[in-house]
Structure formats: structure tokens, C-alpha cells
Amino acid sequence: MTGPSSDPSQNNWLLAKMTIISIFIGIIADTADILDRFKGLFPTQTTNNATLSQTQDAKDYYNRGNVYRNQGEYEKAITEFNQAIRLNPKFAEPYYGRGGVYFDQGKYEKAIADYSESIRLKNPSLWLLHNNRGLVYFNQGKYEKAIADYNQAIRLEPKYAAPYYNRGLIYKRNKDIEKAISDFEKAADLHKQEGDQKWHQYSLDQLKELRGY
């Protein structure tokens, strides 16, 4: 696998591949492991209310936080993200990073609070924030809220497969077979367009199971 691209849309695509599913083929997956594989791929923001020095320092703390999170050193990661936020409270990405740590730790309310703040601050990858917050709500069993976030992710970026697949999982769980089939068909088509045979096949497997009901 090649490294992260300098193209933010490509980076978003790569991260989406690792965050799209907390469940597939009816089995709960290790979402924390999925989220661990690509960190720090968001295009970084600058804000008008921080000096250039503060902005750069905040980015440095944010990047170190991602490194610590990748290493599983969560307390150190949180310390770095906290410092980034202290230096530049309007820098959206550290809230996303810290929210990811809380997600990994199963601290779902804190994860939601940080994802929500990152959304409020207009993180450049809003669709992915909604998708990820949807995953948290899913893990909490708050399926309507998860669907609302997946819907918003789709409105923002309809070309990505992740929210369709994730929403399809909830429709499948709720026995709303027609909607589940529609979402998995869309996910399969988008995965195929992306050249992702693995997740294309997962989508087809879901369709095969649903059509056997």
C-alpha cells in the first residue's frame, strides 16, 4: 500500500476505507483497529485568531498526538491534542483526533462531544466526521442518530461508499430489507468504481444474504 497522497480527496478516500465499517456480514468488527490504520489524513486548517507561530505549534502537537495514538499511547495522545486545542481552540482537527482516542477507549460521550465540536468548527472533511460520529452512535445502539449522520455524510459527499454501507447495516438490522438492499447496491457500485474489490465483494455478500431472506 502506498503512503498518504497530497490530494485531500484521495486521503479522505483512504481514511474512509479504514473507517467505513464497524460491522460486516453480521459480525462486529474491531472498529478501533480499522480507525488506527490511517490517522492525520485531514487537510489541516488555519484560523484567523491564532498567530502563525501558534498555528504551527498547534499543528505540531496535533501531528504528535496522531503518532502517539497510532502507538496506542492514548494518554500521551490526549495530552498533545489538548495542547493543540489550548494553543488554537478553533483548529478543528485536534478535536477529531482526541475524539478518535475516546472512541478507541470506549468513551463514547466524549468522542461524540469532540466529533461534534470538530463539525461545528467546519473541519474540511465534514462528511467523514458525520460518518465517524455515526459509527459511535451505532456502537451505542442509537440507530436513528446514526442514520441521521450517515444521511448528512451522503448529502455532503454522495460519491463515497462508506455511509451507504454503514446505513445499510442499520436497515438490515431493522429488517428494512428494501432500503438495505438499495444501500448495499450503491455501496457495491461505488466500491467497484473505486477499484476496491475487497469491499465490493463484502457489499455483494450482504446483498446475497439479504436476497435470501
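The values are calculated or read from the model by the stated rules, or taken from the named source; none is laboratory data. The shown structure was predicted, so the numbers you read here are calculated from the model rather than taken from an experiment. Cβ coordinates were reconstructed from backbone atoms using ideal geometry, including for glycine residues, and neighbour counts include every protein chain displayed.
Got a number for residues in region 65-82 being surrounded by 18 or more Cβ atoms within 10 Å (Cβ to Cβ) and either of a type in the set (Lys, Arg) or more than 21 Å from the chain's Cα centre (by Cα) (or both)?
1
Would you pick out the residues in region 134-158 that are over 23 Å from His200 (Cα atoms) and in contact (Cβ under 8 Å) with a residue 24 or more places away in the chain?
Val136, Tyr137, Asn139, Gln140, Tyr143
Given the criteria within 16 Å of Leu126 (Cα to Cα), in contact (Cβ under 8 Å) with a residue 24 or more places away in the chain and among the small types (Gly, Ala, Ser), does Ala161 qualify?
Yes, satisfied.
Modelled with pLDDT of 50 or more, surrounded by 14 or more Cβ atoms within 10 Å (Cβ to Cβ) and of a type in the set (Lys, Arg) - does that describe any residue in region 32-39?
No, region 32-39 contains no residue that is modelled with pLDDT of 50 or more, surrounded by 14 or more Cβ atoms within 10 Å (Cβ to Cβ) and of a type in the set (Lys, Arg).
Going by the conditions given, is Arg64 modelled with pLDDT of 50 or more, in contact with an Asp or Glu (Cβ under 7 Å, 6 or more places away or on another chain) and assigned to a helix (DSSP H, G or I)?
Considered against the rule, which asks whether it is modelled with pLDDT of 50 or more, in contact with an Asp or Glu (Cβ under 7 Å, 6 or more places away or on another chain) and assigned to a helix (DSSP H, G or I), Arg64 comes out as yes.
Filter region 71-122 down to residues that are in a loop (DSSP other than H, G, I, E, B) and of a type in the set (Gly, Ala, Ser) and give me whichever is nearest to Gln54 (Cα to Cα).
Applying the filter and picking the extreme gives Gly72.
Leu156 versus (1) within 13 Å of Asn131 (Cβ to Cβ); (2) surrounded by 20 or more Cβ atoms within 10 Å (Cβ to Cβ); (3) not acidic (Asp, Glu): which is the lone unmet condition?
Of everything listed in (1) within 13 Å of Asn131 (Cβ to Cβ); (2) surrounded by 20 or more Cβ atoms within 10 Å (Cβ to Cβ); (3) not acidic (Asp, Glu), Leu156 misses just condition (2).
List every residue pair whose Cβ atoms lie under 7 Å apart, where the two residues are 6 or more positions apart in sequence or sit on different chains, the first residue falls within region 78-94 and is under 11 Å from Asn66 (Cα atoms), and the second residue, located anywhere, is outside any helix (DSSP H, G or I).
Correct list of pairs: Glu93/Phe42; Glu93/Thr44; Glu93/Gln45; Glu93/Asn123.
Among the residues of region 168-175, are any among the aromatic types (Phe, Trp, Tyr), crowded, with 24+ Cβ neighbours inside 10 Å and either within 17 Å of the chain's Cα centre (by Cα) or part of a helix (DSSP H, G or I) (or both)?
No, region 168-175 contains no residue that is among the aromatic types (Phe, Trp, Tyr), crowded, with 24+ Cβ neighbours inside 10 Å and either within 17 Å of the chain's Cα centre (by Cα) or part of a helix (DSSP H, G or I) (or both).
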